[in-house]
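The values are calculated or read from the model by the stated rules, or taken from the named source; none is laboratory data. None of the values given here were measured: they were computed from a predicted structure. With ideal geometry, Cβ positions are generated from the backbone for all residues, glycine too; neighbour counts draw on all protein chains shown. For accessibility, only protein heavy atoms count, side chains too; no ligands or nucleic acids. Shrake-Rupley method; radii C 1.70, N 1.55, O 1.52, S 1.80 Å.
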Amino acid sequence: QLTNIPGDRGGMTYAGIARNANPDWAGWKFVDYQDFGGATPLVREFYKFNFWDRIRGDDIANQSIAENIFNFGVNTGVGVAVKLAQLIVGVTPDGAIGAKTVERLNICTAEKFLPAYALAKIQRYVNICMKDRSQSKFLLGWTRRALEGLK
């Protein structure tokens, strides 16, 4: 899915990959020629390398927790997503998932983590809108996305 929403800082996106933030992504050559099938394996590789591996998704026992951190990382950047998760589980929020963060995530239940993480994400979105009112048009969608993580 190729989009270019006015006011979206990412500019043109394909499968959620923002061209402004990732101008050197190899998949753009396929997208530019509308060969979306050629881009598909590169999309998977992009998300695995840049997000899933960086949050150590395979090391997090509860996949609902891992997927929530992953999804928020795609939306806001891995560092922000990890810092919020670290605050929830009570480790120093440095934005990098190490052994201590994985250990704490693995003893935290989804029932405890997911609602707290959803609220932290919504607060982050509100702060963005308070700093830049032009982003307020995205707040409802961002909030919906945060609440979807409770499923």
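Of all the residues that make up the stretch 101-116, how many are open to solvent by 30 Å² or more (accessible area, probe 1.4 Å) and either assigned to a helix (DSSP H, G or I) or not hydroxyl-bearing (Ser, Thr, Tyr) (or both)?
8
In the set Ile88, Ile128, Ile122, which member is assigned to a helix (DSSP H, G or I) and modelled with pLDDT of 95 or more?
Being assigned to a helix (DSSP H, G or I) and modelled with pLDDT of 95 or more holds for just one of Ile88, Ile128, Ile122, which is Ile88.
Would you tally the residues in the stretch 120-148 being farther than 15 Å from Asn71 by Cα and of a type outside the set (Phe, Trp, Tyr)?
Going through the stretch 120-148 one residue at a time, the tally reaches 15.
Go through (1) in contact (Cβ under 8 Å) with a residue 24 or more places away in the chain; (2) more than 22 Å from Tyr47 (Cα to Cα); (3) surrounded by 13 or more Cβ atoms within 10 Å (Cβ to Cβ) for Ile128 and report which single condition fails.
For Ile128, the failing item is (1).
Can you report the number of residues in the stretch 20-59 which are modelled with pLDDT under 90 and under 30 Å from Asp94 (Cα atoms)?
2
Can you name every residue in the stretch 52-100 that is closer than 20 Å to Pro23 by Cα, touching a residue at least 24 places away in the same chain (Cβ under 8 Å) and open to solvent by less than 30 Å² (accessible area, probe 1.4 Å)?
Within the stretch 52-100, Val78 is the sole residue that qualifies.
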